[in-house]
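Heads up: the structure comes next, in structure tokens.
The values are calculated or read from the model by the stated rules, or taken from the named source; none is laboratory data. The shown structure was predicted, so the numbers you read here are calculated from the model rather than taken from an experiment. Ideal geometry is used to build each Cβ from the backbone, glycine not excepted, and the neighbour counts take in all protein chains shown. With ligands, DNA and RNA removed, areas are computed over all heavy atoms of the protein, side chains included. Shrake-Rupley method; radii C 1.70, N 1.55, O 1.52, S 1.80 Å.
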Amino acid sequence: MNETKGLIFDIQSHSVHDGPGSRTLIFLKGCPLHCEWCANPEGMEYRQRPLYRVTKCVHVKQKCVRCIEKCPYGAIKSSGEEELPLIIDWDKCEKCTTMDCIKACLNDAFVMCGKYYSVADLMRIFTRDINFWGRNGGVTFSGGEPLAQKEFILEVLKQCKEKYIHTAIETSAYTSREHFLNVFKYIDFAFIDIKHMDSDKHKEKTGVGNERILENITDLIESGWPGRLIIRMPVIEGFNDTDENAIATAEFMKNLGLREMNILPFHRLGESKWRQLGKIYPYKDCEGTTDEVLGRIQDIYLDRDILCYVSSDTPF
Ligand code: SF4
Ligand code: SF4
């Protein structure tokens, strides 16, 4: 029996925007990139940790101090403000192994982020969901970066293929060439993000350059991989929303024979999650991407014979 375990922060059944048909979506923890606009920041770190949900906390309303009394590191203090009742010294939490705040809170204001699953656990979930997938559905692995937990993702994908389960992935492609090509033997459908074609700019906002990403995409196509690949780009104002970047991305795709792009408008849905992690969302003042900008970028791809889908308006 395989005992490889993966750290997962969310599982969603019946997703219809993450590959063909209805799908079960698995979010793996840990990511080598740190995109400042990330909508799932709780997936960045590879570790279990508590989230603090301000709206559930009754510290001010009911004078509750249960977590403050139980925290072994004295990491929680009262602010007395209704908007943010507790101030948490998250640096102290990094050493914590007990996470007594979660056990102490009767209102679910502290909740655990991240749970370990064995490959067998996930296969049981897929067996439960399989009747809802229909003819085209299956499983999509997302994150975080789903390729980061190397052994686990490889083993789950192998077992999916043994059971003829359709597999999709949402990845940054930022991993070693060897691991990337190996894992893709078991993937049918992929979304790969290209956040910027200029490596310095890519590094400025994500923490890493784009060379490995572009090389992995190139090597995948040249390997004759038979799956369907959609390139994705989150459109971020003042970062990658220029004509120049769209043209460079389109040219890169054309040279490889890639014909499908999915541009995603920026939204601020991740803001509350940044707050739950005790962090300030770097894009909290950024407005959503306008239809005008999306239309302009879409035209650049269409003019170069690349199908360009906007947001969830996709043909799958
Ligand atoms: S994780 Fe540990 S240190 Fe942090 S608030 Fe909870 S009990 Fe305190
Ligand atoms: S135990 Fe829960 S409700 Fe009470 S102060 Fe702590 S977080 Fe708030």
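One table, with the values for the structure above:
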item: Evaluation of P72 against (1) closer than 18 Å to M112 by Cα; (2) open to solvent by 20 Å² or more (accessible area, probe 1.4 Å); (3) part of a helix (DSSP H, G or I); (4) at pLDDT 95 or above (one fails), failing number; result: (3)
item: Extreme residue, nearest to Y117 (Cα to Cα), among residues of segment 34-67 that are of a type in the set (A, V, I, L, M) and in contact with a Cys (Cβ under 7 Å, 6 or more places away or on another chain); result: M44
item: Members of segment 97-133 that are among the polar types (S, T, N, Q), closer than 24 Å to K163 by Cα and in contact (Cβ under 8 Å) with a residue 40 or more places away in the chain; result: S118
item: Candidates K29, K56 - the one that is away from ligand 2 (no atom under 12 Å from the Cβ), closer than 30 Å to D121 by Cβ and in contact with an Asp or Glu (Cβ under 8 Å, 6 or more places away or on another chain); result: K29
item: Flag if V156 is within 16 Å of ligand 2 (Cβ to nearest atom), aliphatic (A, V, I, L, M) and either at pLDDT 95 or above or not assigned by TED's automatic domain parsing to the domain that holds D18 (or both); result: no
item: Considering residues of segment 285-310 that are open to solvent by less than 60 Å² (accessible area, probe 1.4 Å) and modelled with pLDDT under 95 only, the residue nearest to E36 (Cα to Cα); result: C286
item: Candidates R66, R47 - the one that is under 30 Å from H267 (Cβ atoms) and open to solvent by 40 Å² or more (accessible area, probe 1.4 Å); result: R47
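Results for (1) among the aliphatic types (A, V, I, L, M); (2) within 11 Å of ligand 1 (Cβ to nearest atom), shown as yes or no for each residue.
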position	(1), (2)
R53	no, no
I76	yes, yes
S79	no, no
L84	yes, no
K103	no, yes
R124	no, no
